[in-house]
Amino acid sequence: MTRLTSFAAGGGCACKIPAGQLETAVAGLVGTAGPEVLVGLDAGDDASAVTLRDDLALISTTDFFTPMLDDPYDWGRVAATNALSDVYAMGGTPVTALNIVGWPVDVLGLDILREVIRGGMDVATAAGISVTGGHSITAPEPIYGMAVSGTAHPDKLMGIDQAQPGLPITLTKPLGVGIFNNKHKATGEVSLEAVESMTTLNKDAAMLAVKAGIRAATDVTGFGLLGHLYKMCRASGVSAELDFAAVPEIPGAKAALREGFVPGGSRRNLEWVREHLHAPGLSEGDLVFLADAQTSGGLLVIGELPGYPVIGRTTALTNTAQPAVITVR
């Protein structure tokens with residue numbers, strides 16, 4: 001099998017531009033938003049949302065990345081699952097998707113690309129939507145993802161700026177896929193549990209959250225649990241407390257971390273949030289685990305969802321003039 005991961009400097013969501021650098025680059029670039037814009041560039045939400053009718057909002061998002069797995073079909077499935085997740089994180093229902101492809105045609109055969117796209121289409125079929133087009137370019141690294149459109153009721157949208165203090169924090173997938181993807185790239189070893197996690201749609205969790213009337217959610221991807229939680233707390237004006245023992249782990253992830261399989265993105269995530277973190281008694285390895293750069297991770301929900309673990313709670317800011325703090329015990 002062709003080692004697809006050897007063609008990428010960083011795989012999956014770990015290849016994201018670091019959060020701090022990205023925020024510096026786009027600071028102040030919020031554009032012009034008309035009254036139809038419900039969610040735009042301001043808070044750094046998972047997707048955009050605009051009003052089409054009083055009872056209908058259009059959700060738009062795009063997500064693509066380099067391979068984190070050597071199997072092209074599985075890479076396609078993961079990339080599609082990840083792209084659809086942004087719509088689910090907003091409480092929406094995907095309607096259609098477009099493929100995004102960058103391909104080094106001189107070094108990788110189009111038969112491999114076909115398998116990538118087949119994986120993405122199979123996930124779209126499982127989600128009940130059609131892939132209706134796309135765009136491709138030649139590129140030095142293989143890239144695949146999707147632009148996804150979805151719908152939601154404007155009054156039921158979930159966002160990162162809607163968290164209230166005193167509520168449970170729920171995480172719907174275990175952490176560790178970034179660690180396993182790093183190990184896979186180094187050794188070729190595949191974690192079937194990690195692949196299963198990355199290819200599981202967040203559809204059911206999103207439907208539960210909307211039914212429960214939850215207003216604040218995001219999905220945990222390249223900025224890690226700590227990074228995405230911090231973004232939510234900052235946007236909402238709250239702080240958070242996490243119970244480290246309650247955070248679910250893909251079996252073997254912490255052991256792989258101790259073996260030295262750490263994505264560079266996970267360390268960058270930790271450095272970005274460290275000044276907002278209070279974690280007495282936790283080791284550096286524990287913190288890297290919480291900052292692990294996830295690909296196609298679960299939903300981080302402010303509220304309780306039956307069947308999913310509660311990992312902490314939101315708290316009020318002790319001083320509204322001070323930034324949000326994440327306390328981990």
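Numbers at a glance
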item: Number of positions in the stretch 42-72 that are assigned to a loop (DSSP other than H, G, I, E, B), of a type in the set (A, V, I, L, M, F, W, C) and over 17 Å from PHE223 (Cβ atoms); result: 1
item: Meets criteria (at pLDDT 95 or above, closer than 26 Å to GLN162 by Cβ and either outside any strand (DSSP E or B) or in the same structural domain as THR81 (by TED's automatic domain parsing) (or both)) for LEU226; result: yes
item: Residues that are among the β-branched types (Val, Ile, Thr) and either in contact (Cβ under 8 Å) with a residue 40 or more places away in the chain or buried (at least 24 other Cβ atoms within 10 Å of the Cβ) (or both), drawn from the stretch 172-193; result: THR172, VAL177, ILE179, VAL190
item: Selection status of THR125, polar (S, T, N, Q), surrounded by fewer than 15 Cβ atoms within 10 Å (Cβ to Cβ) and either at negative phi or at pLDDT below 95 (or both); result: yes
item: Candidate set: the stretch 150-169, residues that are more than 15 Å from the chain's Cα centre (by Cα) and outside any loop (DSSP other than H, G, I, E, B); chosen: the one nearest to LEU225 (Cα to Cα); result: ILE169
item: Failed criterion for GLU196 (all others in (1) surrounded by fewer than 20 Cβ atoms within 10 Å (Cβ to Cβ); (2) in contact with a helix residue (DSSP H, G or I) (Cβ under 9 Å, 6 or more places away or on another chain); (3) of a type in the set (D, E, K, R); (4) farther than 22 Å from GLN322 by Cα hold); result: (2)
item: Flag if ALA212 is modelled with pLDDT of 95 or more, touching a strand residue (DSSP E or B) at 6+ places or on another chain (Cβ under 8 Å) and either farther than 17 Å from GLY91 by Cβ or not polar (S, T, N, Q) (or both); result: no
item: Residue satisfying all of: in the stretch 202-221; surrounded by fewer than 19 Cβ atoms within 10 Å (Cβ to Cβ) and among the aliphatic types (A, V, I, L, M); farthest from SER6 (Cα to Cα) among these; result: ALA212
item: Restricting the stretch 248-296 to residues that are touching a helix residue (DSSP H, G or I) at 6+ places or on another chain (Cβ under 8 Å) and among the polar types (S, T, N, Q), the residue that is surrounded by the most Cβ atoms within 10 Å (Cβ to Cβ); result: GLN294
item: Out of ALA194, ALA206, sole residue that is modelled with pLDDT of 95 or more, outside the structural domain of ASP86 (by TED's automatic domain parsing) and either within 30 Å of LEU56 (Cβ to Cβ) or in a strand (DSSP E or B) (or both); result: ALA206
item: Residue in the stretch 147-166 that is touching a Phe, Trp or Tyr at 6+ places or on another chain (Cβ under 7 Å), at pLDDT 95 or above and closer than 24 Å to PHE289 by Cβ present; result: no
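To keep it simple, each residue is scored yes or no on (1) touching a Lys or Arg at 6+ places or on another chain (Cβ under 9 Å); (2) outside the structural domain of VAL78 (by TED's automatic domain parsing); (3) under 15 Å from VAL177 (Cα atoms).
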residue: ARG258; (1), (2), (3): no, yes, yes
residue: LEU277; (1), (2), (3): no, yes, no
residue: SER283; (1), (2), (3): no, yes, no
residue: ILE302; (1), (2), (3): yes, yes, no
residue: GLY307; (1), (2), (3): no, yes, no
residue: VAL310; (1), (2), (3): no, yes, no
residue: ARG313; (1), (2), (3): no, yes, no
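The values are calculated or read from the model by the stated rules, or taken from the named source; none is laboratory data. Fair warning: this is a prediction, and the values are worked out from it, not measured in the lab. Using ideal geometry, Cβ is built from the backbone for each residue, glycine included, and neighbour counts are taken over all protein chains shown.
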